[in-house]
Amino acid sequence: KREQSYADRAQLPGVHPLASKLLRIMEEKRSNLCLSADVSTGEELLQLAESLGPKICMLKTHVDILKVCVCGGEGGRQNARWERTRSCRCDVCRQDFTAAFSQKLQASAEKHNFLLFEDRKFADIGNTVKHQYGEKDGGPSIVIGVSRRAGGIFQISSWSHVVNAHAVPGPGVVQGLREVGKPLGRGCLLIAQMSSQGSLAAGDYTKATLQIAEQHADFVIGFICGSKITERPEFIHMTPGVQLEAGGDKLGQQYTTPEEVIGRKGSDIIIVGRGILEASDRLKAAESYRKSGWDAYTKRVSVQ
Ligand code: UP6
């Protein structure tokens, strides 16, 4: 049976609207590249979103890597810049994550047509992750320090289209996140496998993760995995641990190539961090990953 294209899958009757949107973006931009923007300042993150935005279908963040400060912006309030931008850059407080920052990130995603994915890897009981994720109505528009809302300083539900969760707590983790995310049209990826050496997410654990996803397909749009784990075309497979050459780092990360991941393992999206971030020309590197990922996909779809 011929494999369905991203565009075909976007139109399936049972597909989640967010998965459908992502598949359409991939087809339109000819990109199955998700940039893992693991940088430590908001400025660099926004700059990456603006410059590499045209090459990617998704931008993955770890906002808890960004520099933060305990003064809650108090220091910044003393200068004019705070009044203008609500973004503190004083010497007391190098606060990078503010409501204004997340609005800029959303504007960039809109402008360049990609989705935002906060790689928070939720892993607690439903009631706790619900509060960690944010508010059902998207959280406050007010600045950090004045907020009295759940969701901590990051207010993930207010700006991130996609989040992910470990299946280790059982279905409750998805149900908790769904209470907040579903009314906002958000989606969740379950971590079915990991790229790191010695990962325990394998075998029966992966199968049980798939079952949780199938039972919550109104909120779970796919998986973080090393290879395709289900034939159901409405689920999206996303794979981290990708570089143009196979290898690894000193802390257990293992890399596979785009050809292997998309072409042979049947995944849909490559997630690339250091392969792009550590290149001397990031735009050029992003384009080579986009091209290898896309070529591997077109080859796979056409030979079937
Ligand atoms: N990530 C993995 N492996 C997983 C799940 N997530 O590497 O199984 C995430 C990391 C990092 C990115 O948290 O943000 O994907 C990979 O970055 P790299 O390409 O620089 O190794």
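The values are calculated or read from the model by the stated rules, or taken from the named source; none is laboratory data. Predicted model only: the values in this text are computed from it and were never measured. As a convention, Cβ positions derive from the backbone with ideal geometry for all residues, glycine included, and neighbour counts pool all protein chains shown.
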* How many residues are out of contact with any Phe, Trp or Tyr (no Cβ under 9 Å at 6 or more places or on another chain), assigned to a helix (DSSP H, G or I) and either under 24 Å from Gln155 (Cα atoms) or within 13 Å of the ligand (Cβ to nearest atom) (or both) if we restrict to region 180-204? -> 2
* Asked: Is it fair to say Glu27 is of a type in the set (D, E, K, R), surrounded by fewer than 23 Cβ atoms within 10 Å (Cβ to Cβ), away from the ligand (no atom under 14 Å from the Cβ) and in a helix (DSSP H, G or I)?
  -> yes
* Does Ser280 fit the bill of being within 10 Å of the ligand (Cβ to nearest atom), in a loop (DSSP other than H, G, I, E, B) and surrounded by fewer than 17 Cβ atoms within 10 Å (Cβ to Cβ)? -> no
* **Failed criterion for Gly266 (all others in (1) assigned to a helix (DSSP H, G or I); (2) surrounded by fewer than 18 Cβ atoms within 10 Å (Cβ to Cβ); (3) of a type outside the set (A, V, I, L, M, F, W, C); (4) at pLDDT 95 or above hold)** => (1)
* Tally of residues being away from the ligand (no atom under 13 Å from the Cβ) and in contact (Cβ under 8 Å) with a residue 40 or more places away in the chain across region 229-261 -> 4
* Asked: In region 255-304, which residues are of a type in the set (Ser, Thr, Tyr) and within 22 Å of Ile229 (Cβ to Cβ)?
  -> Tyr255, Thr256, Thr257, Ser267, Tyr297
